[in-house]
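Here's the structure we're looking at; comments come further down.
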Amino acid sequence: MIPRTTPHCVRRVTLALTAGLSALSLTACGVVGGSGAGEDSASSRRSYDMTVGLLLPDRDTARFEKFDHPLIKERISSLTNKQGKVVYANAEGSAERQSEQFGKLVADGVDVIVVDAVDAEAIAPDVRKAKDADIPVIAYDRLAQGPVDAYVSHDNELVGQVQGRALVNALGEGAEKSKVVMMNGEPADPNTALFKKGALSELNGRVDIAKSYDTEKWLPEVAAENMRRAIKEVGLGDVAAVYSANDGMAGAVIEALEEAGVTDLPPVTGQDADLEAVRRIVAGKQYMSVYKSFLLQATGAADMAVAKVQDRSIQFDALARDRVDSPTQQDIPAMLVPVVALTRENIEDTVIEDGVYTVEEICTPAYAADCAEIGLT
């Protein structure tokens with residue numbers, strides 16, 4: 001089920017643990033697509049016949065295929081009177097494959113490219129080729145290196161802060177003596193460093209970080225193996241909490257703990273609000289996830305892409321009110337979408353109300369009793 005196209009602005013502002021609220025209000029509450037004093041009033045002169053290249057990094061993260069791709073495609077169609085076309089490719093975790101896909105888009109002369117890089121550094125030469133061909137590039141979710149025109153994502157340091165704060169709160173009194181295992185993401189992903197930085201800003205001095213691991217390509221099987229190592233080195237009964245940077249790894253961490261014989265699971269964080277993670281939260285196995293509105297991020301990227309092709313600078317500037325730096329470029333126009341700490345207490349007010357999942361999808365027979373316990377029926 002694809003989320004509705006008009007989110008509740010007031011509700012989201014009150015729920016979000018956020019930075020960049022200006023981007024939220026502009027995207028969600030009707031600025032884009034409306035007419036303004038500085039916008040070209042002769043809409044008939046705008047180019048609606050455009051081709052948008054969309055490159056996503058993998059299929060392991062459920063949101064990309066289920067939400068991001070269809071939402072961007074739908075929004076491009078809506079903004080272009082159904083004349084705009086999206087050419088889509090998924091790299092399936094391979095930077096080399098993504099480079100080939102990127103090169104084909106440039107060779108085919110698409111009008112704009114939206115890319116979530118598998119490897120932010122490796123993609124830079126491709127971004128430069130697009131620039132040389134006068135094709136704008138919008139970095140999506142992950143900040144690609146090279147001369148990108150804009151960036152659409154979240155305040156990723158805030159994501160880590162939300163996760164770290166949740167763990168400290170879950171541990172409660174005596175948290176400073178609690179041993180925490182950190183399961184970070186892929187080191188080559190620039191988001192990983194930001195998540196980690198944000199988490200450490202909340203955890204350092206408040207808990208005992210017993211072990212910290214990087215996870216090659218965000219692979220759950222790597223996270224599971226690292227968790228088995230942590231159990232041996234820290235001690236099964238001494239692991240008080242696990243910081244997991246995303247939901248895929250959180251699931252693997254929880255499985256490793258259960259395989260080792262843990263019945264009373266410690267708090268485990270996550271990110272992305274994957275369906276399986278939401279079910280684990282309902283069941284009390286995973287403490288929290290970070291819900292990042294797929295709708296706001298995807299529609300924001302589509303709005304930026306169309307504004308770039310149509311050369312509507314005022315609309316583009318209104319969308320890109322934040323600024324970020326990459327290792328190769330300073331002051332990149334950016335839209336940073338708010339995030340929400342997703343727990344058992346607010347599932348109904350977030351992913352269900354936003355139409356991401358239905359109660360029926362979450363509350364399968366295996367989770368019916370847990371759903372009833374929290375009033376999710």
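Just need log10 I(q)/I(0) for the range 334-373 at q = 0.33, 0.34 Å⁻¹, Debye formula, equal scatterers on the alpha-carbon atoms, no solvent, rounded to two decimals. So the normalised log intensities work out to -1.17, -1.18. Computed across the range 170-212, the Kirkwood hydrodynamic radius from all distinct Cα-Cα pairs reaches 11.1 Å. Full extension of the chain segment joining Glu221 with Ser47 gains 58.0 nm, where the gain is 0.36 nm per residue of separation less the Cα-Cα distance.
Just want to confirm a number: the relative contact order over the range 135-185, from Cα pairs under 8 angstrom separated by 6+ residues, in percent. Relative CO of the range 135-185 lands at 22 percent. Give the separation of the Cα centroids, the range 278-330 to the range 199-255, in Å. Here the answer is 27 Å between Cα centres. Counting Lys and Arg as +1 and Asp and Glu as -1, what is the net charge of the other residues whose Cβ lies under 15 Å from the Cβ of Lys131? Overall, the nearby charge balance is -2. Note on the chain: helix-only mean residue ellipticity at 222 nm, from DSSP H runs of 4+ residues weighted -39500 (n - 2.57) and normalised by residue number, equals -12000 deg cm²/dmol. The distance between label points at Glu96 and Glu258 comes to 3.6 nm (points 7 Å beyond Cα on the Cα→Cβ vector). Put simply, the range 105-258 fits an ellipsoid with semi-axes of 37, 16, 10 Å; these come from the alpha carbon gyration tensor as the roots of five times its eigenvalues, largest first.
Ranked by the mean number of other Cβ atoms within 10 Å of their residues, highest first, the peptides 98-109, 358-369, 269-280, 117-128 come out as 269-280, 117-128, 98-109, 358-369. The range 97-166 and the range 78-96 have their alpha-carbon centroids 13 Å apart.
Determine, from the Cβ-Cβ distance of Ala107 and Ser201 and an R0 of 41 Å, the FRET efficiency 1/(1 + (r/R0)^6), rounded to the nearest 0.05. E(calc), rounded to 0.05, equals 0.40.
Roughly what % of DSSP beta bridges within the chain run antiparallel, to the nearest 5? If we restrict to bridges inside the chain, about 20 percent are antiparallel. Here the label points at Glu360 and Glu65, each 7 Å from Cα along the C-beta direction, are separated by 2.2 nm in the simple model. Over the chain, what relative contact order in percent results from Cα pairs under 8 Å that are six or more residues apart? Contact order relative to length: 21 percent. The packing ranking of peptides 321-328, 157-164, 236-243, highest mean first, is 157-164, 236-243, 321-328, where packing means the average number of other beta carbon atoms within 10 angstrom of each residue.
A Förster radius of 56 Å combined with the Cβ-Cβ distance from Val87 to Asp238 puts the calculated FRET efficiency at roughly 0.60. Across all directions, the average flat footprint of the convex hull enclosing the Cα atoms of the range 221-263 is 2.7 nm². Taking Cα centre as origin and charging only the Cβ of basic (Lys, Arg, +1) and acidic (Asp, Glu, -1) residues, the dipole magnitude of the range 160-237 rounds to 160 debye. Taking amide hydrogens as placed 1.01 Å from N in the peptide plane, the amide H of Val337 sits under 5 Å from those of Ser153, His154, Asp155, each at least 5 positions away in sequence or on another chain.
The value given for the chain is a Kirkwood hydrodynamic radius of 21.3 Å, derived from the mean inverse Cα-Cα separation. When Rg and the Kirkwood radius Rh are both evaluated on Cα atoms of the range 249-317, their ratio Rg/Rh stands at 1.31.
Answer rounded, prolate or oblate for the range 307-369, using the Cα gyration tensor with square roots of eigenvalues a ≥ b ≥ c: rounded when a/c is under 1.5, else prolate when a/b is larger than b/c, else oblate. Here the range 307-369 falls in the prolate category.
Rule-based calculations on the coordinates, nothing more; no lab input. Since we're looking at a predicted model, the values are computed, not measured. Because the Cβ atoms are built from the backbone with ideal geometry, glycine has one as well, and the counts that use them run over all protein chains shown.
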